[in-house]
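Derivation of every value follows stated rules applied to the coordinates shown; laboratory data play no part. Every value quoted in this text rests on a predicted model; they were computed, and no experiment measured them. Because the Cβ atoms are built from the backbone with ideal geometry, glycine has one as well, and the counts that use them run over all protein chains shown.
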Amino acid sequence: MSRAKGDGEQVISNSQVYIGGKPYSIKHGEVVRLPSGKWVLPDSKEAREYLAQQEQAQQNPQPVKPKAAQPVVELLDNPPARLTLALQLIDGHGYAVTWLWVKTTITERVDPKTGYIIRCDPPIEDKKKRVFVMRDDGASFGEGGDKPIEELGMEVSLPMPPKDAKLWTTKGVKAYRAGYRPEPLDVFRRLVSLIDRFMSFDRSLAEQNTMCELLGCYILSTWFLDAFDVIGFLWPNGTHGTGKTKLGILVCEVAYLGEVLLSGSTYACLRDLADLGATLLFDDAEDLSDPRRTDPDKRSLLLAGNRRGATIAVKEQGPDKTWRTRFVNAYCPRLFTAINLPDPVLASRTIVIPLVRAADAQKANSEVLDYAQWPHDRRTLLDDLWALALANLPALPAHDDAVGGDAPLMGRNLEPWRALLAVAHWLDNLGEAGLYQRMVTLAESYQTERAELETIDLTKLVIRAMIELLAPAAPAAPTAPLILGASEIADKVNSIVKDEDLTSIIVSPQRVGNILSALRLEKVPNVGRQLKWDTCKAI
């Protein structure tokens with residue numbers, strides 16, 4: 001046992017402790033040990049407080065805290081549904097997302113300190129814009145709706161709220177909840193009369209009424225975007241003063257979330273609008289037809305977005321300042337206005353609408369953005385388009401399938417027309433007699449005009465030149481391969497270009513050689529490319 005070195009120093013043995021230099025027995029309880037490990041005399045203040053706490057704890061034991069059950073973890077076969085578009089088809093139901101202004105009036109509240117109810121005089125008013133979801137059967141979710149938004153069963157995850165001017169209004173939502181459903185043929189005919197009020201289609205693809213019907217079907221197809229797997233683009237084309245921009249603005253005024261954008265718009269803005277599935281008009285899109293003068297990010301967004309599932313991967317900084325990869329939807333309708341024609345890649349996804357100066361002064365001088373000149377109330381028409389799309393969205397996939405099995409066009413030729421043909425098929429079944437056949441006839445006749453409505457595809461010209469060079473002299477069953485040189489083919493291509501006034505460019509033998517390499521034709525030393533007659537016939 002060691003001894004204390006001073007007053008207050010404790011030296012502990014098996015049976016004694018020194019406090020203030022004096023020994024005290026541990027066995028006989030002459031000292032008290034505190035939770036901190038310190039030994040004190042029973043009559044000290046620290047000991048009395050500690051013993052009092054112990055006695056109180058014995059008299060009032062703490063209740064045992066209940067433990068919550070462990071969470072149940074279940075593996076899901078599919079990811080949970082999410083609303084990522086303002087009009088979306090999920091599990092056979094259509095859903096529409098809008099933002100409505102809500103006013104909350106508070107007349108009484110609970111005082112957080114006293115718990116008493118306090119009357120608010122004057123009442124407190126709070127006005128906020130809230131997300132609101134309508135289902136095709138009329139059920140509504142959100143503040144003031146049938147159920148709270150939490151009972152929707154899916155997350156609302158739109159990249160941003162659209163402009164108020166493009167959203168479904170409170171008046172339209174209330175009417176839909178009350179059972180109002182617009183008549184499809186009436187809405188379509190209002191669109192046709194609206195286009196006819198402002199546009200003249202002299203010497204275009206078809207006569208005036210058929211062209212108005214074409215654009216009416218296209219506008220409706222933008223509202224049914226989520227029912228289709230592919231959507232076509234429109235390219236109004238003509239010289240100055242032919243109404244290209246006017247037609248583009250008119251379509252965007254009544255298309256799904258239509259937005260007019262200049263070519264200087266940033267890639268980030270285009271990306272977010274495309275993520276909404278919005279209808280985008282690129283006005284004065286002259287540079288887009290030239291890959292060398294176009295932002296590659298913009299061009300990839302423009303060319304990749306005609307098919308469902310087209311996405312663009314971007315890096316974004318999160319709230320925690322870390323960079324994450326986000327996949328942005330690029331599938332949305334587009335329109336382009338330009339004096340130039342689209343390049344072959346963009347043209348394959350596009351319907352070019354040729355325009356000339358209008359001879360009708362009333363149409364030429366009318367202003368689309370002056371809504372007083374519209375034959376129908378614009379706001380009512382937009383509300384009816386929201387209601388029409390929501391109520392009929394589940395029905396359109398069947399008509400899209402019907403077009404795939406019935407239309408005379410195939411593959412890439414059908415893709416720009418498929419969505420609007422599906423709309424025409426749907427309206428035809430509802431009583432717009434002959435509409436589908438008129439649109440099919442127009443789509444077929446368009447194929448014969450494509451050579452004049454699109455920029456020249458040099459690969460097609462090279463193949464045509466080879467066939468014209470070989471066909472007259474080719475025997476029925478050649479015993480040796482027929483051979484053509486790149487220079488000979490280039491001369492023939494330039495001859496065709498000159499005779500038919502197709503373009504002002506001159507094709508060089510080197511360029512022809514590059515095209516022949518892409519066609520996987522064998523090179524014959526010192527001659528050019530070797531072409532077998534059977535291969536030529538197959539091409």
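Positive contributions from Lys and Arg (+1) and negative ones from Asp and Glu (-1), summed over other residues with Cβ under 13 Å from the Cβ of Thr311, come out at +3. Across the cross-link table entries Lys127/Lys163; Lys163/Lys363; Lys244/Lys460, which are compared at the Cα atoms, the separations over 26 Å belong to Lys163/Lys363; Lys244/Lys460.
Sorting Asp295, Asp499 from the fewest to the most surrounding beta carbons within 10 angstrom yields Asp499, Asp295. Each of Gln59 and Ala165 was given a label point 7 Å from its Cα along the Cα-to-Cβ line. The distance between the two points is 7.7 nm.
Only Cα sites of the range 184-453 enter the Debye sum here, all with the same form factor; the resulting log10 I(q)/I(0) across q = 0.07, 0.08, 0.12, 0.13 1/Å is -0.24, -0.31, -0.71, -0.83, listed in q order.
Each DSSP beta bridge with both residues in the range 82-177 is either parallel or antiparallel, and the antiparallel ones are about 90%. In the calculated pair-distance distribution of the range 186-250, the portion above 21 angstrom amounts to 24 percent of the Cα-Cα pairs. Computed from the alpha carbon positions, the gyration tensor of the range 16-59 leads to an equivalent ellipsoid with semi-axes of 21, 10, 9 Å, biggest first. Simple point charges give the picture: +1 on the Cβ of Lys and Arg, -1 on the Cβ of Asp and Glu, and for the chain a dipole about the Cα centre of about 1920 debye.
Think of the chain as having a plus end and a minus end, set by charges on the Cβ of Lys, Arg, Asp and Glu; of Val192, Gly115, Thr311, Gly115 sits farthest toward the positive end of this dipole.
Could you tell me what percent of the DSSP beta bridges with both partners in the chain are antiparallel, to the nearest 5?
For the chain, the DSSP antiparallel bridge percentage is about 70.
With the simple spin-label model, which puts each label point 7 Å out from Cα in the Cβ direction, the Ile149 to Thr245 separation comes to 3.8 nm. Rounded to the nearest 0.05, the FRET efficiency derived from the C-beta distance between Asn365 and Ile467 at R0 = 51 Å is 0.55. The long axis of helix 458-470 is offset from the longest Cα principal axis of the chain by roughly 30 degrees. Measure nothing but the geometry: give the 0 to 90° angle between the long axis through the Cα atoms of 486-500 and the longest principal axis through the Cα atoms of the chain, rounded to 10°. That works out to roughly 80 degrees.
Spatially, the range 107-167 and the range 319-387 are offset by 33 Å when compared through their Cα centroids.
In straight-distance terms, cross-link reach from Lys315 covers every one of the lysines whose alpha-carbon lies under 23 Å from its own, apart from those fewer than eight places away in the same chain; here that gives Lys298.
Here Gln447 and Ile106 are evaluated by their C-beta separation; at R0 = 60 Å the FRET efficiency comes out at 0.40.
Using alpha-carbon pairs under 8 Å, 6+ residues apart, how would you state the relative contact order of the chain in percent? So the answer I get is 13 percent. Note down the net charge around Ala424, summing +1 for each Lys or Arg and -1 for each Asp or Glu among other residues with Cβ under 9 Å from its Cβ. Value of the local net charge: -2. Between the beta carbons of Ala68 and Lys27, assuming R0 = 56 Å, the FRET efficiency works out to 0.75 to the nearest 0.05.
Between Ser193 and Leu262, 0.36 nm times their residue separation minus their Cα-Cα distance comes to what? Result for the pair: 22.1 nm of gain on full extension. As a proxy for reagent exposure, ranking Met154, Met211, Met466 by other Cβ atoms within 10 Å from fewest up yields Met154, Met211, Met466.
Secondary structure note: in the range 184-453, about 35% of the DSSP beta bridges are antiparallel.
What number comes out for the charge environment of Ala278, summing +1 per Lys or Arg and -1 per Asp or Glu over other residues with Cβ under 14 Å away?
On the way: positive: Lys163, Lys166, Arg271, Arg334; negative: Asp226, Glu253, Glu259, Asp272, Asp275.
So the surrounding residues net to -1.
Listed options for log10 I(q)/I(0) by the Debye sum over Cα atoms at q = 0.07 Å⁻¹ are [x] -0.38; [y] -0.50; [z] -0.58. The value calculated from this structure is the one marked [z].
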